1. In this structure, does A:L434 turn out to be touching a helix residue (DSSP H, G or I) at 6+ places or on another chain (Cβ under 7 Å), outside any loop (DSSP other than H, G, I, E, B) and closer than 25 Å to A:A262 by Cβ?
2. What is the one condition in (1) outside any loop (DSSP other than H, G, I, E, B); (2) not assigned by TED's automatic domain parsing to the domain that holds A:M217 that A:E338 does not satisfy?
3. Of the residues B:S258, B:S200, B:S240, which is of a type in the set (S, T, N, Q) and either in contact with a Phe, Trp or Tyr (Cβ under 6 Å, 6 or more places away or on another chain) or buried (at least 24 other Cβ atoms within 10 Å of the Cβ) (or both)?
4. Scan segment A:402-419 and report the pairs whose first residue is on the phi > 0 side of the Ramachandran plot and whose second residue is buried (at least 17 other Cβ atoms within 10 Å of the Cβ) and in a helix (DSSP H, G or I), with Cβ atoms within less than 7 Å and a gap of 6+ or a chain change.
5. Can you find, within segment B:94-105, the residue that is nearest to the other protein chains (Cβ to nearest Cβ) among those that are among the polar types (S, T, N, Q) and crowded, with 24+ Cβ neighbours inside 10 Å?
6. Is it true that A:K290 is surrounded by 24 or more Cβ atoms within 10 Å (Cβ to Cβ), among the basic types (K, R) and in a helix (DSSP H, G or I)?
7. Hey, among the residues in segment A:1-18 that are more than 16 Å from B:P262 (Cβ to Cβ), touching a residue at least 60 places away in the same chain (Cβ under 8 Å) and not in a strand (DSSP E or B), which one's nearest to the other protein chains (Cβ to nearest Cβ)?
8. I want to confirm something. Restricting to segment A:9-37 and keeping residues that are of a type in the set (D, E, K, R), under 22 Å from B:I48 (Cα atoms) and over 43 Å from the mean Cα position of the chain (by Cα), which single residue is modelled with the highest pLDDT?
Amino acid sequence: MATEVLMPALSPTMTEGKIARWLKSEGDAVHSGDVLAEIETDKATMEVEAVDEGVLAKIVIPEGTDHVAVNTPIAVITGNGEDVGADAASIAPANGRQQPTTADTPRARAPQPVAPETPRASRRAAAEEAEYTGVTRTITVREALRDAIAEEMRRDERVFLIGEEVAEYQGAYKVSQGLLQEFGTRRVVDTPITEQGFAGLGVGAGFAGLRPIVEFMTFNFAMQAIDQIINSASKTHYMSGGQMSCPIVFRGPNGIAARVAAQHSQCYASWYAHCPGLKVVAPFTGADHKGLLKSAIRDPNPVVFLEHELVYGESFAVPEDPEFLVPIGKARIARPGEQVTITAFSRMVKLALQAAEELESAGISAEVIDLRTLRPFDAATIAASVQKTNRIVAVEEGWPFAGIGAEIAALMFEECFDWLDAPVKRVTGKDVPLPYAANLERLAVPQVEDIVAAAREVCYR
Amino acid sequence: MATTRKGRPVGVAELDASPKELLGFYRDMLLIRRFEERAGQMYGMGLIGGFCHLYIGQEAVVVGMQAALKEGDTVVTSYRDHGHMLACGMDPKGVMSELTGRRTGYSHGKGGSMHMFSREKNFFGGHGIVGAQVPIGTGLAFAHRYRDNGLISATYLGDGAINQGQVYESFNMAALWKLPVVYVIENNRYGMGTSIDRASARTDLFHRGMAYGIPGEQVDGMNVLAVHEAGLAAAEHARSGQGPLILEMLTYRYRGHSMSDPAKYRTRDEVDRMRTEHDPIEQARQRLLEGGTDEAMLKDIEAEVRRRVAEAAQFAQDSPEPAPDELWTDVLVDA
């Protein structure tokens, strides 16, 4: 039986090409894998290989012919009498016209599925957060984080901490104090200074079912590892059709520090919040640091947990109960108010609360929302607040362009257009690398007075 | 420290393998060859899109290596991964229908050629970023040691990945912590269109772990028995707690880097010479015939392999595309 050899496509966009030359002549015996011909386009050259055994009975298109359309029969191979399987006919159709119709090819048609409502934002309220009425202890954020890690390591043998200086040094910012002593070197692992390597190692361990907590000394250094965080950790569950999850926490201080200049001072919130497949958390209070870190460690997904060097030393009443959890994906009303909504996360919550105090004395009632989680984003809580106050100021330490405030502005257009009594106002870090000089540094970072001024502006007062 | 078995002449090596074992290798290599030929053809027909990196020519590496592993050992590789999946025992139908982007594919059509996985077969991908699978494979080894489960990680990388910094970050940690990992460098002499001598200051890649005290060995990667023997020794080394080991497999890909390859960076003579003189499948076939295997049996194997590939190809074309709502699934695990 005869099989036609069709003009192949070198790429999805190729429609025609040139038969550069034939390497077999009519009458030659051909075997699987033999190169029959070379074809060319303006971009590339490719060999046409025989898939079936037999004899090259006929060359339909002579060499040198240009503009040969894809799927045109270019030669005929006849069987040599043995095991020319029926498969040959089904795949390389004998009539050569049975080319895949465009309607059937996956890339020819892009069915537009009905998107779930606002997939970018969480429309479903996160698990209700019960009010905690148990025992608390006043401790620093640094201690709250340590307690969260220790409790989860006691609870789940798969949890381990890995990073630079986490063990013997007790943490570059003293977050992991005492963990080496309690859990030993198997579960509290000092690494060499190789962020990409140990982040990727953590991802592999996560794929294998462990629960790594990868500490970056600061998130500035995680830029060395961002390929592993985005390409390996956040995308694999999707790319594997749900087979390969990566339960991992990437944590460390984010945002500015004091007088360390541009390479050590940057907010990565919007970078990570941009990416599906990740959860991104940036808490402020001690209870939220503890409860959200515990939730992050238990979460089956990769979680980027953004801390802040200038918050580590703040003290709060923190729940003692080892089952105290704060759900990821839920913002918190840090201070109720009526006339203007102020959103903030991480250290900026502190400044927003101070601004609200000052606004109070000026007769303006501000509602402060601590976003806590940036992905999935609690759009519902923000929208509900603005539908009450009709004004919003979005505060963040990071740069303005495509920042969290920009996302909130978009949300306001989509969800609160008819409720707004003033344009959305953003208070952000200035659009410059962070300077070292004390006066310039202060100018570059949002201050309480900037928030107060912005709130007055949207209130026209 | 590093030893070499470079240059062991084909046909002279006194490598042990029972005829039955070699027959199995022959079958497995042939399955990959025929599968890849069919994938290339289907790409030409427009049934497979995007990037498609074929493994033709390198079959002995993964077949010999996988046969040296134990049940439960984990495998990770880069994007030239179809052969690895078949050698791990994944179903050709599921692999081919992932290539055609159908819902019956291993990733439900959401990964494609470069991103497939099988928890069941301990195949951890299929990774599209050159070198990124090396820390991941090292992390799989970390998990084996953490659990003290006696298993090892086979981490494959190409000569193109060997100059990536994260490879050395991984070598360092693996040696530092004596992780049970075998790094299998598939040196097919070209990183895309750049030959190894134009990309690497030293081209003998088995030395690349020397700075970390990782032993390395160079292996004739076109000879499945040589690969298997080296793989057994390397697996034993890693399993026994002595830490990582590097195997440099000298191999060759007959086809382009991906389907659209200009084929301008090497001569046809070079490709033809490798094909006619060193083909791993032909070598195995000759050895089997010399050892008295009935030619009819080889023909039966060929027919059986063709049937499986044809079935896979048909299945991959007949299967439906993913349902539109699959667009939104598997982004996150439901917590």
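1. Values: touching a helix residue (DSSP H, G or I) at 6+ places or on another chain (Cβ under 7 Å): yes; outside any loop (DSSP other than H, G, I, E, B): no; closer than 25 Å to A:A262 by Cβ: yes.
No: the conditions fail for A:L434.
2. Here A:E338 meets the rest and fails (1).
3. Numbers: B:S200 fails: either in contact with a Phe, Trp or Tyr (Cβ under 6 Å, 6 or more places away or on another chain) or buried (at least 24 other Cβ atoms within 10 Å of the Cβ) (or both); B:S240 fails: either in contact with a Phe, Trp or Tyr (Cβ under 6 Å, 6 or more places away or on another chain) or buried (at least 24 other Cβ atoms within 10 Å of the Cβ) (or both).
Step by step, each of B:S258, B:S200, B:S240 is checked, and only B:S258 is of a type in the set (S, T, N, Q) and either in contact with a Phe, Trp or Tyr (Cβ under 6 Å, 6 or more places away or on another chain) or buried (at least 24 other Cβ atoms within 10 Å of the Cβ) (or both).
4. A:A402/A:S270
5. B:T100
6. Against the criterion (surrounded by 24 or more Cβ atoms within 10 Å (Cβ to Cβ), among the basic types (K, R) and in a helix (DSSP H, G or I)), A:K290 qualifies.
7. The selected residue is A:P12.
8. A:K18
The values are calculated or read from the model by the stated rules, or taken from the named source; none is laboratory data. Keep in mind that this is a model prediction, so the values were computed, not measured. Using ideal geometry, Cβ is built from the backbone for each residue, glycine included, and neighbour counts are taken over all protein chains shown.
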